[in-house]
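Reviewing the structure listed below.
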Amino acid sequence: MVSRVIPVDAFDLVVFGGTGDLARRKILPALLRRYCVGQIPPNASIIGAARSGMERAEYQEFVRIALQEFVPEKTGTAELEGFLERVDYVQIDARGTDGWADLVARFPQDRIRAFYFSVSPVLFGDLAERIRSNGLVNDRTRIVVEKPFGRDLATAKALNAALAAHFDESEIYRIDHYLGKETVQNLMAVRFGNMLFEPLWNSQYVDHIQITVAETVGVGGRGEYYDQSGAMRDMVQNHLMQLLCLIAMEPPAKFDPDAVRDEKLKVIRALGEVAPYHIARGQYEAVPSNPQAQPSYREAVGNPRSTTESYVALKAHVSNWRWAGTPFYLRTGKRLSARSSTIDVMFKDAPHSIFGESAGRHANRLSIRLQPNEGITLTVTIKEPGPGGMRLVDVPLDMTFAEALGPTAGETADAYERLIMDVIRGNQTLFMRGDEVEAAWAWTDPIIDGWNARGEVPEPYETGSSGPAKADQLIARDRRVWQGIKP
Ligand code: NAP
């Protein structure tokens, strides 16, 4: 099954931070791929902007090298050359006056203008102010900002205020690349496109829900940043919270940006306080046989006394009519046994078993795999085949999307491809609204403040394990178990 490509209107896109890591690894490759499938019109322009002094040809060469590394299959193609023709560069200082007149001159036409802030958030306010004061704003202007959007409620509010001083909320696109993943959007399709699940989607039928985002990698080269952040800020406040919203929200009246975001916001605001004993934090240890290649968290971040968590598990409650009494168990961590993002919806046991005690307990489970092997598995109870009487067994009804939809379904667009095209189209559905981000921090802040006030130290866990023992205890207290981290 081949997806249709609907070209976007012609645009000018400025990538502030066009020489940075994110531009090289994600933004420019995503643009090239969309150009190659014919979604980007040939008269679009992409303008890198940063303080480094470079001529247009030098920047084109810089972009070529990045694309050869990150989109190697396009090396030497006419498409790559065509794309590079669209690329320009302006030397500019977000905090100064240099370069702004040059940038103004790059907009000969009144058409869609997107300004991608692929720079440190400390520059957001300066950029917003200068874009406005240099007269670069038209009625089709979009501002794209990256995570992290603040490190707590106060900083998120300050960033929102800095942007709101110059732009309307309808012009601001806050990227959480998780929302651009094909399968995350599929959550909405599975829930609201099928009659089958929605009637059962409540505390009467759902015992509990588990949301797992497990990584096998450690902090890598991001040690210094990560140690200031930790799993709660880096993953829970944004990615896991977004998954929780999509699983728990009420059906919006229509698939429209504000209708969807209104419903997500209601979920975040309905989240109850999390008691300290409903949280487990961990920090990964070195692999004893190979401590050089796989050092401990503290060695990796260069902070032998670090109390930042590389793992967190918690039990959350959505306090509303639909979910009262159904806990949501969230967990995420680094250096775990497998890379896997899965949501397990655990249904309740049948109210009465006609098969008697000996048949055992059986409950349905809907597992939604976001990565890898995107797909869904519904576990159903059937009779164990054979003449041995009525014994029951749970079997999976498994659908891997790539198998069901054909091989090209596996080649889904990268999240950045989808999100940047949505920016150009002016569709904010998959972007976080300012009030959503603030509500998420308002829920997260007291948890982090509590750890700091109590001087809590995360529990060490083995690299390649499923996390610290406390996480198992957290769910075992409720007579439940974590579903395996499935690769
Ligand atoms: P980076 O590699 O450090 O790049 C920063 C860019 O900003 C460079 O192009 C730099 O170029 C430019 N810059 C710095 N000061 C400037 C100024 N005063 N005026 C104009 N340009 C300036 O950072 P990055 O990894 O690309 O990350 C960019 C943003 O995305 C950050 O907010 C980061 O947290 C976020 N993010 C990154 C990733 C990732 O995978 N890298 C993922 C998610 C979010 P010059 O020095 O030449 O000016």
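The values are calculated or read from the model by the stated rules, or taken from the named source; none is laboratory data. Quick caveat: nothing in here was measured; it's all calculated off a predicted structure. Neighbour counts run over all protein chains shown; Cβ positions are idealised from the backbone, glycine included. In case anyone asks, the SASA skips ligands and DNA or RNA and just uses the protein heavy atoms, side chains included. Shrake-Rupley method; radii C 1.70, N 1.55, O 1.52, S 1.80 Å.
For residues that are assigned to a helix (DSSP H, G or I) and more than 16 Å from the ligand (Cβ to nearest atom), scanning just segment 2-46, find the one that is surrounded by the most Cβ atoms within 10 Å (Cβ to Cβ).
Step one: filter segment 2-46 for residues assigned to a helix (DSSP H, G or I), giving 21-36.
Remaining after also requiring more than 16 Å from the ligand (Cβ to nearest atom): 32-36.
Details: 32: 26, 33: 22, 34: 24, 35: 21, 36: 17.
Checked segment 2-46; the qualifying residue surrounded by the most Cβ atoms within 10 Å (Cβ to Cβ) is 32.
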Q: Kindly indicate which of 369, 365, 331, 281 is in the same structural domain as residue 186 (by TED's automatic domain parsing) and open to solvent by 40 Å² or more (accessible area, probe 1.4 Å).
A: 365
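For segment 47-71: of the residues being within 9 Å of the ligand (Cβ to nearest atom) and open to solvent by less than 50 Å² (accessible area, probe 1.4 Å), which is nearest to residue 86 (Cα to Cα)?
We begin by selecting, within segment 47-71, every residue within 9 Å of the ligand (Cβ to nearest atom); these are 48-54.
Subsequent filtering for residues that are open to solvent by less than 50 Å² (accessible area, probe 1.4 Å) retains 48-50, 54.
Working: 48: 11, 49: 14, 50: 18, 54: 16 Å.
This residue is 48.
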Q: Considering only residues that are within 16 Å of the ligand (Cβ to nearest atom) and either open to solvent by less than 40 Å² (accessible area, probe 1.4 Å) or at pLDDT below 95 (or both), look in segment 72-92 and name the one that is farthest from residue 129 (Cα to Cα).
A: 87
(Q) Could you check segment 153-172 and list, in sequence order, the residues that are open to solvent by 20 Å² or more (accessible area, probe 1.4 Å) and outside any helix (DSSP H, G or I)? (A) 165, 166, 168
Q. Looking only at residues in segment 106-133 that are within 21 Å of residue 432 (Cα to Cα) and exposed (fewer than 15 other Cβ atoms within 10 Å of the Cβ), which one is nearest to the ligand (Cβ to nearest atom)?
A. 120
Q: Find all pairs meeting these conditions: Cβ atoms under 6 angstrom apart; at least six residues apart or on different chains; first residue within segment 83-98 and farther than 30 Å from residue 37 by Cβ and free of Cβ contacts under 8 Å to residues at least 24 places away in the same chain; second residue more than 7 Å from the ligand (Cβ to nearest atom) and open to solvent by 20 Å² or more (accessible area, probe 1.4 Å).
A: none
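Select, from 103, 136, the only residue that is part of a loop (DSSP other than H, G, I, E, B) and within 16 Å of the ligand (Cβ to nearest atom). Spell out how you get there, then give the answer.
Numbers: 103 fails: part of a loop (DSSP other than H, G, I, E, B).
It is 136.
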Q.
Condition first: of a type in the set (A, V, I, L, M), outside any strand (DSSP E or B) and open to solvent by 40 Å² or more (accessible area, probe 1.4 Å). Can you find one or more residues in segment 337-347 that meet it?
A. no
Q. Can you tell me how many residues in segment 287-298 are more than 21 Å from residue 339 (Cβ to Cβ) and at pLDDT 95 or above?
A. 1
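Could you please find all residues in segment 200-228 being within 16 Å of the ligand (Cβ to nearest atom) and farther than 14 Å from residue 334 by Cα? Show your work before the answer.
Our first condition is that a residue be within 16 Å of the ligand (Cβ to nearest atom); within segment 200-228, this holds for 213, 215, 217-228.
Passing the criteria: 224, 225, 228.
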(Q) Condition first: in contact (Cβ under 8 Å) with a residue 12 or more places away in the chain, under 22 Å from residue 483 (Cβ atoms) and either of a type in the set (S, T, N, Q) or assigned by TED's automatic domain parsing to the domain that holds residue 324 (or both). Can you find one or more residues in segment 218-229 that meet it? (A) no
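Would you confirm whether any residue within segment 435-446 is touching a Lys or Arg at 6+ places or on another chain (Cβ under 8 Å), crowded, with 17+ Cβ neighbours inside 10 Å, modelled with pLDDT of 95 or more and closer than 30 Å to residue 11 by Cα? Lay out the reasoning, then the answer.
So in segment 435-446, the residues touching a Lys or Arg at 6+ places or on another chain (Cβ under 8 Å) come out as 436-439, 444.
Okay, now just the ones that are also crowded, with 17+ Cβ neighbours inside 10 Å, so 436-439, 444.
In the following step, the residues that additionally are modelled with pLDDT of 95 or more were identified as 436-439, 444.
Of the ones still in play, those that are also closer than 30 Å to residue 11 by Cα are 436-437.
Within segment 435-446 (the criterion being touching a Lys or Arg at 6+ places or on another chain (Cβ under 8 Å), crowded, with 17+ Cβ neighbours inside 10 Å, modelled with pLDDT of 95 or more and closer than 30 Å to residue 11 by Cα), the answer is yes, since at least one residue qualifies.
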Q. Among (1) over 25 Å from the mean Cα position of the chain (by Cα); (2) open to solvent by less than 50 Å² (accessible area, probe 1.4 Å); (3) within 29 Å of residue 273 (Cβ to Cβ), where does residue 321 come up short?
A. (2)
Q: Starting from segment 17-29, keep only residues that are outside the structural domain of residue 84 (by TED's automatic domain parsing), then list their pairs with residues that are part of a helix (DSSP H, G or I) whose Cβ atoms are within a distance under 6 Å, requiring at least 6 positions of separation or different chains.
A: none
Q: Please enumerate the residues belonging to segment 411-469 that are outside any loop (DSSP other than H, G, I, E, B), under 18 Å from the mean Cα position of the chain (by Cα) and among the small types (Gly, Ala, Ser).
A: 415, 434, 439, 440
